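For reference, the structure discussed in these notes is given below.
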Amino acid sequence: MARFLTASILACMGLAGAAIAARPGALAEANPGLWEISGYPGAKAPARECFPNVALLAQYEHRKQSCSSSIVSDHAPSSVIQYSCQGGGFGTSTVTMITPRSLRIETQGIADNLPFNYVLQARRVGDCPAR
């Protein structure tokens, strides 16, 4: 049975996004902090972003929006998360924990009325810089 979770707005380094209230199994051992993200379409180099809540990685395409989420499947080391965002947009992501500092995120959905579908590699590289 899916557990339904509500999202709230967070800010970290000027990035706002939704937070999943409880972490699914694939994210249970991952820690907030500075993550290096590779595989984003059109990006020439990996991006480094602060994630105060690692569950935001599951909705990377909509990480700056307020979204509600539900955990569809939660069988370690992978979890499937569906989300829907205020003002439109939604997605489904499969998050697989390779190690607590390395995640694979397969994500697809609709953003800005256009489909998206890609695979990200996320690697925790440290703590968020002090503000």
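Carbon and sulfur: what percent of segment 31-131's accessible surface (1.4 Å probe)? Write out the running numbers ahead of the final one.
On the way: 2550 of 5140 Å².
In segment 31-131, the share of accessible area belonging to carbon and sulfur is 50 percent.
How far, in nm, would the chain grow between residue 118 and residue 96 when pulled straight, counting 0.36 nm per residue and subtracting the alpha carbon separation?
Working: separation 22, 0.36 × 22 = 7.92 nm, distance 1.41 nm.
Once the chain is fully extended between residue 118 and residue 96, it gains 6.5 nm.
Packing, as the average of other Cβ atoms within 10 Å across residues, places the peptides 83-92, 122-131, 46-55 in the order 46-55, 83-92, 122-131, highest first. With an a/c value of 1.5 or above and a/b not larger than b/c for the gyration tensor axes a ≥ b ≥ c computed over the alpha-carbon atoms, segment 47-131 is described as oblate. Rolling a 1.4 Å probe across the protein heavy atoms gives segment 42-91 an accessible surface of 46 Å² per residue.
The values are calculated or read from the model by the stated rules, or taken from the named source; none is laboratory data. The model shown is predicted, which means the values in this text are computed figures rather than measured ones. Ideal geometry is used to build each Cβ from the backbone, glycine not excepted, and the neighbour counts take in all protein chains shown. Ligands, DNA and RNA are stripped out before the accessible areas are found, and what is left, the full protein with its side chains, is counted by its heavy atoms. Shrake-Rupley method; radii C 1.70, N 1.55, O 1.52, S 1.80 Å.
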